[in-house]
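Accompanying notes for the structure given below.
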Amino acid sequence: MDITLFKPLLVYINSTSFFIYNLFFFPVMFFTLYFLLVCFISIFTKYKNNYKINPKEWPFVTVQIPTYNELIALRCAKKCLQFDYPKDRYEIIIGDDSNKPEISRKIDEFASKYGIKVTRRGSNKGYKAGNLNHMLKYSKGEIIVVFDSDFIPEKDFLKRIVQPFLVDKKVGCVQAKWSFINEKQNLVTKFGSSIVMVYQRLIAPINNILQVPLLFGSGQAIRKDLIKKLGGWQEWSLTEDVEFSVRALKAGYKIVYMHDLSVKGEVPFTVRDLRKQQRKWAYGNFNAFLDHWKSIIFGKFSLPQKAMLIMTLTGYISSIFLLVFIFSGLIYFWTGEPAPFNFIKFSKETFKSIAASSGFLIAMIIVLKREKKTGMLKQIIIGAFTVGIAVTIGIASGIANAILRKRLNWYVVPKKGKVR
């Protein structure tokens with residue numbers, strides 16, 4: 001076969017990939033500058049939460065654990081029973097949307113033994129948000145604390161997370177920082193945890209300073225009156241926490257991010273589950289932006305607040321730009337006309353590409369150094385070029401569905417933790 005027949009096609013592919021590479025250079029460079037700015041601010045800013053109050057009477061709290069066929073919720077409930085909070089000042093509710101009788105039976109046995117409430121709807125209508133709204137009807141607490149089923153809070157968690165409410169009546173929500181039980185399990189968990197760490201260790205604290213932090217969905221506390229005032233959680237949303245946060249901020253309430261209060265959960269340990277999780281988050285965040293973009297851009301928020309809200313809600317798109325940028329560059333390189341190797345030109349182009357796309361990597365290095373986890377860096381980088389490709393495809397799908405206003409199905413990420 002005469003390979004010269006394919007020359008016109010290769011020339012077309014080469015020129016097209018070069019055009020795409022140069023086109024995507026600018027948005028990739030923009031996000032790199034954004035991450036570098038975030039790193040710079042983070043390095044020279046001290047974050048401090050001074051909440052040390054011991055009231056005569058603690059507020060009554062309802063701990064809600066929504067679950068859908070997740071027996072691991074019992075592990076979370078056990079940890080909640082160990083809170084050093086006054087026992088007569090909090091209650092625990094498991095919102096069981098399970099459609100597996102054997103799981104519901106075990107939840108009932110556990111609840112009966114420890115005096116825990118169980119609520120059921122007979123379906124998963126409205127997803128997690130629908131479950132939370134249903135539990136609210138049976139919640140006596142003035143403050144609602146929500147945990148996903150895989151989280152295991154420490155015994156002082158409840159006393160610490162209610163502190164901001166006692167200091168300022170305008171505080172409507174409080175969010176704790178996440179850490180992960182299984183982050184070192186494999187390549188997937190290391191890469192997956194690094195994504196969350198960059199956001200929660202660098203971006204969320206800056207959002208907190210600007211008074212526009214967002215809830216994460218677990219390890220969060222909200223005034224019950226505020227939930228009712230704003231019409232409850234948005235049902236069918238995949239990130240009801242983020243959407244509610246924007247509504248709370250628009251209504252003039254404060255959200256506090258407690259970077260010094262940590263709660264542990266699990267990170268997905270398979271490529272499939274991490275891809276689906278990130279797809280869900282990308283969809284939910286972008287959907288929240290599309291729902292509220294007018295209020296964010298033209299509303300009462302300051303310019304820095306607008307910028308950080310937009311970047312936080314739409315930031316997932318940066319991974320798509322980066323993936324296209326890298327692959328178009330590689331295609332351009334491999335489909336070019338054979339020519340003598342030009343070291344200087346090659347070095348310049350390589351440096352240009354690395355400089356333009358290194359923002360997230362630099363942010364990750366800073367976070368790992370701060371968390372004393374630099375030993376994970378090598379595997380995280382490997383994960384970025386393997387697991388990351390599959391994850392980015394999922395993110396692209398999520399954003400596309402959000403733009404097209406298509407509803408995504410709820411997906412429960414499998415948990416590996418054991419219930420004892």
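The values are calculated or read from the model by the stated rules, or taken from the named source; none is laboratory data. The model shown is predicted, which means the values in this text are computed figures rather than measured ones. With ideal geometry, Cβ positions are generated from the backbone for all residues, glycine too; neighbour counts draw on all protein chains shown.
Remarks
- Boolean, K106 is surrounded by fewer than 19 Cβ atoms within 10 Å (Cβ to Cβ), in contact with a Leu (Cβ under 8 Å, 6 or more places away or on another chain), more than 30 Å from K373 (Cα to Cα) and free of Cβ contacts under 8 Å to residues at least 60 places away in the same chain: yes
- Any hit, segment 38-58, residues being modelled with pLDDT of 80 or more, within 30 Å of R89 (Cα to Cα) and of a type in the set (F, W, Y): yes
- Condition met for S328 (modelled with pLDDT of 90 or more and assigned to a helix (DSSP H, G or I)): yes
- Residue ID - nearest to D150 (Cα to Cα), chosen from residues in segment 264-279 that are of a type in the set (A, V, I, L, M, F, W, C) and surrounded by 23 or more Cβ atoms within 10 Å (Cβ to Cβ): V267
- Residue within segment 224-242 that is crowded, with 24+ Cβ neighbours inside 10 Å, in contact with a helix residue (DSSP H, G or I) (Cβ under 7 Å, 6 or more places away or on another chain), of a type outside the set (V, I, T) and farther than 23 Å from K137 by Cα present: no
- Selection within segment 127-147: residues that are assigned to a loop (DSSP other than H, G, I, E, B) and in contact with a helix residue (DSSP H, G or I) (Cβ under 8 Å, 6 or more places away or on another chain). The member of this set that is surrounded by the fewest Cβ atoms within 10 Å (Cβ to Cβ) is E142.
- The single condition from (1) assigned to a helix (DSSP H, G or I); (2) closer than 16 Å to I380 by Cα that I203 fails is (2).
- Criterion (surrounded by 15 or more Cβ atoms within 10 Å (Cβ to Cβ), under 21 Å from the mean Cα position of the chain (by Cα), hydrophobic (A, V, I, L, M, F, W, C) and under 15 Å from I326 (Cα atoms)) met by exactly one of A356, A384: A384
- Residue within segment 184-194 that is in a loop (DSSP other than H, G, I, E, B) and either free of Cβ contacts under 8 Å to residues at least 24 places away in the same chain or at positive phi (or both) present: no
- Between T62, T45, the distinction of being among the hydroxyl-bearing types (S, T, Y), touching a strand residue (DSSP E or B) at 6+ places or on another chain (Cβ under 8 Å) and not in a helix (DSSP H, G or I) belongs to T62 only.
- Any hit, segment 2-20, residues being of a type outside the set (D, E), assigned to a loop (DSSP other than H, G, I, E, B) and touching a residue at least 24 places away in the same chain (Cβ under 8 Å): no
- Test result for N124, in a loop (DSSP other than H, G, I, E, B) and surrounded by fewer than 16 Cβ atoms within 10 Å (Cβ to Cβ): no
- Number of the condition not met by T350 [criteria: (1) surrounded by fewer than 17 Cβ atoms within 10 Å (Cβ to Cβ); (2) in contact (Cβ under 8 Å) with a residue 40 or more places away in the chain; (3) not acidic (D, E)]: (2)
- Within segment 83-103, considering residues that are in contact (Cβ under 8 Å) with a residue 12 or more places away in the chain and among the basic types (K, R), the one surrounded by the most Cβ atoms within 10 Å (Cβ to Cβ): R89
- Test: residue in segment 275-298 that is outside any strand (DSSP E or B), of a type in the set (D, E, K, R), over 17 Å from V196 (Cβ atoms) and touching a residue at least 12 places away in the same chain (Cβ under 8 Å): yes
- Residue tally, condition touching an Asp or Glu at 6+ places or on another chain (Cβ under 8 Å) and in a strand (DSSP E or B), over segment 238-255: 1
- Qualifying residue in segment 79-98 (condition: modelled with pLDDT of 95 or more, among the hydroxyl-bearing types (S, T, Y), farther than 30 Å from P205 by Cα and in contact with a helix residue (DSSP H, G or I) (Cβ under 7 Å, 6 or more places away or on another chain)): yes
- Count of segment 88-114 residues which are more than 18 Å from F147 (Cβ to Cβ) and not acidic (D, E): 8
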